[in-house]
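The values are calculated or read from the model by the stated rules, or taken from the named source; none is laboratory data. The model shown is predicted, which means the values in this text are computed figures rather than measured ones. All Cβ positions, glycine included, derive from the backbone under ideal geometry; neighbour counts span all protein chains shown. The accessibility values were calculated without ligands, DNA or RNA, using every heavy atom of the protein model including side chains. Shrake-Rupley method; radii C 1.70, N 1.55, O 1.52, S 1.80 Å.
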Amino acid sequence: QVQLVESGGGLVQPGGSLRLSCAASGSIFSVYTSGWFRQAPGKQRELVATITNSGSTNYVDSVKGRFTISTDNARNTLYLQMNSLKPEDTAIYYCNSRTYPRDSWGQGTQVTVSS
């Protein structure tokens, strides 16, 4: 079972930036589609961004132009660069990879956007 460990969350003011990292215990990002999900209090978990093993990316409309997903396969790390953060981006962010035979998930990292 692959282990995923997120880091980089925290408290930031509106308009600020954060970069989330997800370190994997194996070389999975060059093989499987991976992504970031988030879950705000009282809401369902939603998909934020995905990246395929060939580097194609996709974003939920609410973060397009503000967030960038990327991978560093040499470091087995997935990133989410978040700019122009808004209070509605406040959530726990989870790293995911569609590994076989079942998805792998990180433990989550809290992002709070508040003045």
Listed residues T50, T109, T99; which is touching a Gly at 6+ places or on another chain (Cβ under 6 Å) and in contact (Cβ under 8 Å) with a residue 60 or more places away in the chain?
T109
Selected residue (only one of T77, T68 is among the polar types (S, T, N, Q), open to solvent by 40 Å² or more (accessible area, probe 1.4 Å) and within 16 Å of T33 (Cα to Cα))
T68
By residue number, the members of region 80-105 that are open to solvent by 20 Å² or more (accessible area, probe 1.4 Å) and in contact with a Leu (Cβ under 7 Å, 6 or more places away or on another chain) are W105
How many of the residues in region 49-102 are assigned to a loop (DSSP other than H, G, I, E, B) and either of a type in the set (D, E, K, R) or farther than 20 Å from L11 by Cβ (or both)?
16
Residues located in region 53-65, provided they are surrounded by 15 or more Cβ atoms within 10 Å (Cβ to Cβ) and hydroxyl-bearing (S, T, Y)
Y59
Condition check for F67: at pLDDT below 95, farther than 16 Å from G108 by Cα and in contact with a Leu (Cβ under 7 Å, 6 or more places away or on another chain)
no
So which residues in region 90-107 are of a type in the set (V, I, T) and under 12 Å from Q39 (Cα atoms)?
T90, I92
Just a yes or no: is a residue in region 68-80 touching a residue at least 60 places away in the same chain (Cβ under 8 Å), polar (S, T, N, Q) and in contact with a Ser or Thr (Cβ under 9 Å, 6 or more places away or on another chain)?
no
Boolean, G108 is at positive phi, surrounded by 15 or more Cβ atoms within 10 Å (Cβ to Cβ), at pLDDT 95 or above and small (G, A, S):
yes
Search result, residues across region 4-25 that are without any contact (Cβ under 8 Å) to a residue 60 or more places away in the chain and over 16 Å from T68 (Cβ atoms)
A23, S25
